[in-house]
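J.: Following this message is one structure expressed as structure tokens.
The values are calculated or read from the model by the stated rules, or taken from the named source; none is laboratory data. Only a predicted model underlies this, so the values are computations on that prediction, with no experimental measurement involved. Cβ atoms come from the backbone with ideal geometry, glycine included; neighbour counts cover every protein chain shown. In case anyone asks, the SASA skips ligands and DNA or RNA and just uses the protein heavy atoms, side chains included. Shrake-Rupley method; radii C 1.70, N 1.55, O 1.52, S 1.80 Å.
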Amino acid sequence: MSFYGVELGSRLLLGTARYPSPAVLAEAIKASEAEVVTVSLRRESGSERAGQSFWSLVRALGVRVLPNTAGCHSVKEAVTTAHMARELFDTTWIKLEVIGESDTLQPDVFGLVEAARILSEDGFEVFPYTTEDLVVADRLVEAGCRVLMPWGAPIGSARGLNNVYGLKSLRAHFPDIPLVVDAGLGVPSHAAAAMEMGYDAVLLNTAVAEAGDPVAMARAFALAVEAGRTAFLAQPLEPRDMAAPSTPVIGKAALGD
Amino acid sequence: MRIFLNDEVREVDAGTLAAALDAMGFGGRKIATAINGRFVAATARPGTKLTEGDRIEVVAPMQGG
């Protein structure tokens, strides 16, 4: 699997927020075997050092970073944040979020397409956090996106895949674009279901960070992603309406009256 | 001169963004900057003159999802 020409071994992308401690974060990343972690940027005063120590921790783990524009509600904010992230993290990758609705954190897809176009033309490699809407996805690809990241469910909601039909349609319409289910996953079976559908990867954060044992949950998600991908390649059965006996009936002993 | 650093009022005796950042304790730090909502690259900070009332944003790496 590759994103913008970068080959990756792991299909699990992990967020770095909300862990009980930096040590647990580091152990969870190791247990997940993720090669890409999402990061962000926030205000810091001259006397604070939190950002600097966090950056040292991430660098020591040797993982690739995908900075986000979390919390941005306008195109201007998102574009400026992306420029700051590119310099700060020395990467052209950007997870583009333009939030349109505060209760669901649903993407503002109109602003998203506009920001994606501006950033793509400026040399960014954009990972848009979007919905499963096919028309929006088309516009994002036209704008220059070579990865799409539809939500499974609202960020942090742990509801899993809210619109399986929509996600399947998106996969069918974009067979050659890497698709990542981003946000809303709660348990490893949600991740496995996305992978069984043929999604290329999943991105999650809260489901691991706020689990009772984040390190064990990171490992569980890694196994689920691998299981789901292996199942997809093995071509799963389609559901049927009627039963089909699994045990052959030919040669069955005649024991009835 | 009076400027705003991340929405807090500050008095600085510096003509450029680079000098102001040094004076406010950001020297050598991994940060990114903007003035009045516009990104200012690190290489442009020494040549970026400050004016009264400028709103400076300074951000650093942070955990994110």
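J.: Taking region B:42-56, which residues are part of a strand (DSSP E or B), open to solvent by 30 Å² or more (accessible area, probe 1.4 Å) and either among the β-branched types (Val, Ile, Thr) or under 23 Å from residue A:56 (Cβ atoms) (or both)?
T.: Listed by number, the list is empty, since nothing qualifies.
J.: Shifting gears a bit: Being farther than 19 Å from residue A:129 by Cβ, of a type in the set (D, E, K, R) and away from chain B (no Cβ under 14 Å) narrows it down to one of A:240, A:146, A:159, A:171, so name that one.
T.: A:240
J.: As an exercise: evaluate residue A:71 against (1) over 19 Å from residue A:58 (Cβ atoms); (2) in a strand (DSSP E or B); (3) within 12 Å of chain B (Cβ to nearest Cβ) and give the number of the one condition it does not meet.
T.: Among (1) over 19 Å from residue A:58 (Cβ atoms); (2) in a strand (DSSP E or B); (3) within 12 Å of chain B (Cβ to nearest Cβ), the lone unmet condition for residue A:71 is (2).
J.: Oh, and also: Considering region B:1-11 alone, what residues qualify as being in contact with a Lys or Arg (Cβ under 8 Å, 6 or more places away or on another chain), open to solvent by 10 Å² or more (accessible area, probe 1.4 Å) and hydrophobic (A, V, I, L, M, F, W, C)?
T.: Correct list: B:4, B:9.
J.: To continue, here is another question. Which pairs have Cβ atoms under 6 Å, sit 6 or more apart or on different chains, and link a residue in region A:181-201 that is part of a helix (DSSP H, G or I) to one that is open to solvent by 10 Å² or more (accessible area, probe 1.4 Å) and among the charged types (D, E, K, R)?
T.: So the pair list comes out as A:195/A:229.
J.: Cβ-Cβ below 9 Å, separation at least six or inter-chain, first residue in region A:121-145 and over 14 Å from residue A:78 (Cβ atoms), second assigned to a loop (DSSP other than H, G, I, E, B) and acidic (Asp, Glu): which pairs?
T.: Short answer, once both residue conditions are applied: none.
J.: So how many residues does region B:25-41 have that are open to solvent by less than 50 Å² (accessible area, probe 1.4 Å) and either touching a strand residue (DSSP E or B) at 6+ places or on another chain (Cβ under 6 Å) or over 23 Å from residue A:40 (Cα atoms) (or both)?
T.: 6
J.: Quick one: residue A:225 ticks every box in (1) crowded, with 21+ Cβ neighbours inside 10 Å; (2) more than 14 Å from chain B (Cβ to nearest Cβ); (3) of a type in the set (Val, Ile, Thr); (4) not in a helix (DSSP H, G or I) bar one, so which box is it?
T.: Just one mismatch for residue A:225, condition (4).
J.: Only residues that are more than 7 Å from every other protein chain (Cβ to nearest Cβ), touching a residue at least 24 places away in the same chain (Cβ under 8 Å) and within 10 Å of the chain's Cα centre (by Cα): list them for region B:29-47, please.
T.: Residues satisfying the conditions are B:33, B:45.
J.: Can you name the residue in region A:182-217 that is within 14 Å of chain B (Cβ to nearest Cβ), of a type in the set (A, V, I, L, M, F, W, C) and touching a Pro at 6+ places or on another chain (Cβ under 9 Å) and is also farthest from residue A:159 (Cα to Cα) among such residues?
T.: So, considering only residues that are within 14 Å of chain B (Cβ to nearest Cβ), of a type in the set (A, V, I, L, M, F, W, C) and touching a Pro at 6+ places or on another chain (Cβ under 9 Å), the one farthest from residue A:159 (Cα to Cα) is A:209.
J.: Say we look at region A:36-54 and pick out the residues that are open to solvent by 70 Å² or more (accessible area, probe 1.4 Å) and in a loop (DSSP other than H, G, I, E, B); which of these is nearest to the other protein chains (Cβ to nearest Cβ)?
T.: Among residues in region A:36-54 that are open to solvent by 70 Å² or more (accessible area, probe 1.4 Å) and in a loop (DSSP other than H, G, I, E, B), the one nearest to the other protein chains (Cβ to nearest Cβ) is A:47.
J.: A further question follows. Quick check, is residue A:178 closer than 30 Å to residue A:26 by Cα and under 12 Å from the mean Cα position of the chain (by Cα)?
T.: Yes; evaluated as a whole, the condition is true for this residue.
J.: Can you tell me which residue among A:31, A:78 is closer than 16 Å to residue A:125 by Cβ and of a type in the set (Gly, Ala, Ser)?
T.: On inspection, the qualifying residue turns out to be A:78.
J.: With respect to the numbered conditions (1) at pLDDT 95 or above; (2) part of a helix (DSSP H, G or I); (3) within 12 Å of chain B (Cβ to nearest Cβ), which one is the sole condition not fulfilled by residue A:30?
T.: Of (1) at pLDDT 95 or above; (2) part of a helix (DSSP H, G or I); (3) within 12 Å of chain B (Cβ to nearest Cβ), only one is false for residue A:30: (3).
J.: Scanning region A:77-102 for residues that are without any contact (Cβ under 8 Å) to a residue 12 or more places away in the chain and under 21 Å from residue A:132 (Cβ atoms), which turns out most open to solvent (accessible area, probe 1.4 Å)?
T.: Restricting to residues being without any contact (Cβ under 8 Å) to a residue 12 or more places away in the chain and under 21 Å from residue A:132 (Cβ atoms), the top hit is A:102.
J.: When residues of region A:113-159 are filtered for being within 20 Å of residue A:11 (Cβ to Cβ), in contact with an Asp or Glu (Cβ under 9 Å, 6 or more places away or on another chain) and open to solvent by less than 50 Å² (accessible area, probe 1.4 Å), how many remain?
T.: 10
J.: Whether any residue in region B:27-37 is at pLDDT below 95, among the basic types (Lys, Arg) and assigned to a loop (DSSP other than H, G, I, E, B) is what I want to check.
T.: yes
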